[in-house]
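All remarks here apply to the structure that follows.
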Amino acid sequence: MLLNLRDKSQNSIKKAMPSWAVVLFVVLGAFTLTACSHNKEKPALVLADTAPPQLINTATREDIKALLHAEFTLQREGPNKAYELFYKLASQSQDVTLIERLTYIALVSQNDLYIERSANLWLSVDATSDTAYALKLQSLVKGQRQEDVTRLISGAIQNDAPLQFLPLYLEDNVRHNDHVSLLESAIAALPTEQKNHPYIQLSQAHLLLLAGEYQGAIAKTEQLLSESQVEDKESIYLIQAFSKKNLGFLDAAIGTLQEASLSFPNNAQIMTPLLAFLVENEQVTLAAQDFIESKLNTIETLQVGISLMQALLEHKHAQWLLDIAATLPEEQLGLSDQIFYLKASALAQLGQKEHAITVMQKVTHHLRANATNQIALWLYEESQQSEINAMVLSRTPRENMPEQVEMISQIHEENGNSDLSYELLSQSLEALPESDILRYRKALLADSLGHWKDTEKELNRLLQKDPNNPHYLNALGYTLLTRTDRIDEAMVLIESAYEKSDSDPAIIDSLGWGLFLKGELEQSSYYLKKAWEIFPDAEIAAHYGESLWAQRYYQEAIRIWRSALDASPDNSVLLDTVRRLSPSLLENRKQDNT
């Protein structure tokens, strides 16, 4: 069986985060540098690359020598090798500057144990360090250590430490349900008197919002706004506004944010959702006026402007979007891709596809792939699909070619143009002949188009590079099995694939179908049943049902086919099999549907 399971998995439905939660996450996090990210691609704490600490005048010769050795190790061998050397120096000196250096090294190493040890050392010297608490909280939550999180928060309160790290961490991790749940449990376990701390109350308000308990969140935020102990009142207003909006009280939500803007004029965090809410409430002129009259710095103007443009696009105000885009600063600080993308989308919404494509062509950085996909879709809408391949090849850097070509190939095939997909794959391989991904996809597509000799040639080329690859072995074996009379040769390849990957349903199906063609029906049914149970695919059902039918297990075969037809009523292999062996099943289904 020729089956790309990755394509199947990409089509699976994933539970999406509510749109309001995404907006709130962006609003709370877009304008604040926090110490609480869990992105493994970069250090979680935003610390400058600290310079080597200056030794105090009383430093001994041994101190200087040890520090120089540590710095040399860091430069030559990296943070993991240097960490223990710096830890020893920092713990002996108790110097905060050196501890900060140690912390930076721990973060660069991405070693969770080092991060926690650095935070512990920092807190032993300064029990009120907000950064150290943030680092330790990150480590504890990541390790699912709820009781330790409770002790950490409780200790921070006892030491009169600023507790801003807790709501900031929550803001930065709203997309991580397990982190949010753990924090909720940790806060619930605090002593009653500590739960009255204003930053605990703020965190609880945010948790109520995330849990959908909007009335409770509103009551909590109203209480907090009446008190003066919380410095971060912008977050309180935001939580209250989103709670009101989610209850359907959009006018009240706008009122809350307008009240907040009086206390915090030209505040990007407040202005972003306020403008979006105004657009949703069909107060577009007011939203545009508020934006144009705002006195934000350049980066905030761009960020708030892009958010407003997104809201305008969503609510079909394309001309307003173009008008707002015209007011943005000329210096776009790396955000030009987003602006061009939105402008092009607005032009398309206005029916100006040709102009939209021209503008979208200017998107050439981090949104390049998205832009290329969108241009391809617009070209299809304009019946200019013959121009797509040249566009893709001219826009796509070599390093992005496999992923981009796969996506456009899929668009071609979904539009019934497998020939254009095959052409694109062939042309891309001329530019990138070393790409096994593209060659394998071309081989599979060639078989579906009836060019099985090309399939055999490409798969043999792949097997020369990777002779033990079970997918290549299976694909070639199945091709020979179904396209030629070289059954014995095919079975050698398929059996080799099965030895290397005996749980792959595509390979198991090939093995079972080969046994069927050899007349070994009982063995055939054994493997085909196994494949069906792992992955109930239409083509597997066709094979399994035919094997059962040949053994006169008619009712069981019909049951398998009926189940597969319910899930994949248009699969050609399944339909051909049923039409050939049990046409009445299709007739009965047709009558049932009518």
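Placing HIS176, HIS543 in order of accessible area, with the largest value first and a 1.4 Å probe, yields HIS176, HIS543. A value for log10 I(q)/I(0) by the Debye sum over Cα atoms at q = 0.06 Å⁻¹ was derived from the coordinates, and within the list (i) -0.51; (ii) -0.58; (iii) -0.76 it appears as (i). Electrostatic tally near ILE239: other residues with Cβ closer than 12 Å to its Cβ, Lys and Arg +1, Asp and Glu -1, net -1. Computed over protein heavy atoms with a 1.4 Å probe, the carbon and sulfur contribution to the accessible area of the range 67-166 reaches 47%. Using the 1.4 Å probe convention, the accessible area of the range 265-363 works out to 45 Å² per residue with neighbouring protein chains retained.
Counted by Cβ distance under 14 Å from GLN384, the other residues give a net charge of -3, where Lys and Arg count +1 and Asp and Glu count -1.
Packing around the peptides 582-589, 338-345, taken as the average count of other Cβ atoms within 10 Å per residue, puts them in this order, highest first: 338-345, 582-589.
In percent, rounded to a whole number, the relative contact order of the range 406-505 is 17, using alpha-carbon pairs under 8 Å and six or more apart. Overall, the range 525-593 carries a charge dipole of about 220 debye about its Cα centre when +1 sits on the Cβ of Lys and Arg and -1 on the Cβ of Asp and Glu, all other atoms neutral.
When the helices of the chain are scored as -39500 (n - 2.57) per DSSP H run of n ≥ 4 and the total is divided over every residue, the value at 222 nm lands at -22500 deg cm²/dmol.
Determine the shape class of the range 265-363: with a ≥ b ≥ c the square roots of the Cα gyration tensor eigenvalues, call it rounded for a/c under 1.5, and otherwise prolate if a/b is greater than b/c, oblate otherwise. Oblate. Peptides 456-462, 115-121, 289-295 ranked from most to least packed by the mean count of surrounding Cβ atoms within 10 Å: 115-121, 456-462, 289-295.
Could you tell me the distance between the Cα centroids of the range 412-486 and the range 213-252, to the nearest Å? The two parts, judged by their Cα centres, are 58 Å apart.
Taking the range 265-363 as the region of interest, the number of lysine pairs whose Cα atoms are within less than 16 Å, with members eight or more places apart or on different chains, is 5.
Under 18 Å of direct C-alpha separation, and excluding same-chain neighbours fewer than eight residues apart, LYS81 reaches these aspartates and glutamates: ASP49, GLU71, GLU100, ASP112, GLU116. What is the distance in Å between the Cα centres of the range 493-556 and the range 126-156? Using only Cα atoms, the two centres lie 54 Å from each other. Counting only protein heavy atoms and a probe of 1.4 Å, the accessible surface of the range 254-305 is 48% carbon and sulfur.
Measuring nothing but how far apart in sequence close Cα pairs (under 8 Å, 6+ apart) lie, relative to its length, the range 311-357 scores a relative contact order of 39 percent.
Take 362-369, 96-103 and order them by the average number of nearby Cβ atoms within 10 Å per residue, most first; the result is 96-103, 362-369.
Within a straight-line Cα-Cα reach of under 16 Å, LYS65 can be paired with the following lysines, leaving aside sequence neighbours fewer than 8 residues apart in one chain: LYS88.
Under a model in which nothing but the beta-carbon of Lys, Arg (+1) and Asp, Glu (-1) is charged, the range 371-472 shows a dipole of about 340 debye around its Cα centre. Take every Cα pair under 8 Å whose residues are at least 6 apart in sequence, average their separation, divide by the length of the chain, and the relative contact order is 7 percent.
Of the whole protein surface, ASP436 contributes about 50 Å² of accessible area at a 1.4 Å probe radius.
Considering only LEU517, ALA356, ALA325, the residue lying farthest towards the positive end of the dipole of the chain is LEU517, judged by Cα position with unit charges set on Cβ.
The residues packed around ALA70, meaning those with a beta-carbon under 12 Å from its beta-carbon, carry a net charge of +1 if Lys and Arg are +1 and Asp and Glu are -1. Since only GLN92, LEU275, LEU574 are under comparison, the one whose Cα sits farthest along the positive direction of the charge dipole of the chain, derived from C-beta charges on Lys, Arg, Asp and Glu, is LEU574.
The values are calculated or read from the model by the stated rules, or taken from the named source; none is laboratory data. Please read these numbers as outputs of a predicted model, since none were measured by experiment. Cβ: placed from backbone, ideal geometry, glycine included. Neighbour counts: every protein chain shown. For the accessible areas, the whole protein counts, side chains as well, though only heavy atoms, and no ligand, DNA or RNA atoms are used. Shrake-Rupley method; radii C 1.70, N 1.55, O 1.52, S 1.80 Å.
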